[in-house]
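Data first, discussion second: the structure below is written as structure tokens.
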């Protein structure tokens, strides 16, 4: 086995047999003679030098990079509450009143303030990102409130006029005495609603698809004070009673035709200014029949209202 040796003259490495160790040998590189001594060729140990970092003194009161005061963010998050204030000032600024109640802007303010506070408390968001997120929500909130404030009721009514409830599975209904028949969207049940205050009417009630609109059927005897009264006097008292029952405003009053009976159709705007009650009242000798539909943004000429009115049939008395 050969052993590595180093020539002291030329510092060259060479290998010699183990039997030559301690003897004189000739260097194969420089041809000079030297005593062969083994050389350790293992690499020197690696010295680990620790890295010392300078100590940084952090001031807890110093502003952090890309951060700002949280109070500023909270203040911005509460700006949606300006929506109810502008809603109150709307009639003075625009000369127009919204048909929505004041509960709507309050709900918008609470909802968007909650979203903005969620952005304030979001983890790992940069200060600039929080600002952008809050301003985006403010823009959407104020735009939504403005759109709803200036929304015209005719736009919604036109949609409901064309599509209605979309429920064609109506069923036939008649009271126990079979004095009339009608097509109704859902089951009719007895109800205590006074369509005309002071009049003793048997009333039935039903709700349309989605429990949005309400349908009424009522009949009874003409009050004694109006027996023998002219049609004009009779229907004038009917109109007063219908308005008193709803605490609303009369929108229209026109004659209607059904089985050649004396009939008038009334449209009343309810106190919330978004809902209407369309009513048809029939005078058949000493009896009175009432059909009514109530709903939000529901025009009297919508499909379901007209279907309810047209499919009402008074049974001829024997």
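The values are calculated or read from the model by the stated rules, or taken from the named source; none is laboratory data. These numbers were taken from a predicted model, which means no experiment stands behind them. We place every Cβ from the backbone using ideal geometry, glycine too, and count neighbours over all the protein chains shown.
Listed here are the residues, each with its yes/no results for (1) closer than 23 Å to residue 289 by Cβ; (2) modelled with pLDDT of 85 or more.
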{"residue": "141", "(1), (2)": "no, yes"}
{"residue": "148", "(1), (2)": "no, no"}
{"residue": "152", "(1), (2)": "no, no"}
{"residue": "157", "(1), (2)": "no, no"}
{"residue": "167", "(1), (2)": "no, no"}
{"residue": "175", "(1), (2)": "yes, yes"}
{"residue": "184", "(1), (2)": "yes, yes"}
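Going through the range 278-305 one residue at a time, which ones are in contact with a helix residue (DSSP H, G or I) (Cβ under 7 Å, 6 or more places away or on another chain) and either assigned to a strand (DSSP E or B) or within 17 Å of residue 222 (Cα to Cα) (or both)? Scanning the range 278-305 gives 278, 279, 280, 281, 283, 291, 293.
Only one of 79, 73, 88 is modelled with pLDDT of 75 or more and exposed (fewer than 13 other Cβ atoms within 10 Å of the Cβ); which?
On the way: 79 fails: exposed (fewer than 13 other Cβ atoms within 10 Å of the Cβ); 73 fails: exposed (fewer than 13 other Cβ atoms within 10 Å of the Cβ).
On inspection, the qualifying residue turns out to be 88.
Answer with yes or no whether residue 308 is in a helix (DSSP H, G or I) and in contact with a helix residue (DSSP H, G or I) (Cβ under 6 Å, 6 or more places away or on another chain). Criteria not met by residue 308. Limited to the range 21-43, what total is found for residues that are outside any strand (DSSP E or B) and either closer than 14 Å to residue 11 by Cα or free of Cβ contacts under 8 Å to residues at least 12 places away in the same chain (or both)? Count: 13. Selection of the range 1-12 for residues being surrounded by 12 or more Cβ atoms within 10 Å (Cβ to Cβ) and part of a strand (DSSP E or B) yields 3, 4, 5, 6. Looking only at residues of the range 228-263 that are in contact (Cβ under 8 Å) with a residue 24 or more places away in the chain and part of a loop (DSSP other than H, G, I, E, B), we find that the one that is surrounded by the fewest Cβ atoms within 10 Å (Cβ to Cβ) is 247. Consider the range 208-220 and keep the residues that are touching a strand residue (DSSP E or B) at 6+ places or on another chain (Cβ under 7 Å) and surrounded by fewer than 19 Cβ atoms within 10 Å (Cβ to Cβ). The one that is farthest from residue 287 (Cα to Cα) is 212.
Scanning the range 37-60 for residues that are within 60 Å of the chain's Cα centre (by Cα) and at pLDDT 70 or above yields a count of 4.
Every test in (1) under 30 Å from residue 103 (Cα atoms); (2) in contact (Cβ under 8 Å) with a residue 60 or more places away in the chain; (3) more than 35 Å from the chain's Cα centre (by Cα); (4) outside any loop (DSSP other than H, G, I, E, B) is passed by residue 196 save one, and that test is (4).
Taking the listed residues 282, 266, the one that is under 30 Å from residue 98 (Cβ atoms) and crowded, with 16+ Cβ neighbours inside 10 Å is 266, with no other qualifying. Within the range 285-303, the set of residues being touching a strand residue (DSSP E or B) at 6+ places or on another chain (Cβ under 7 Å) and either surrounded by 18 or more Cβ atoms within 10 Å (Cβ to Cβ) or within 18 Å of residue 206 (Cα to Cα) (or both) comprises 288, 289, 290, 291, 292, 293, 294, 295, 296, 298, 300.
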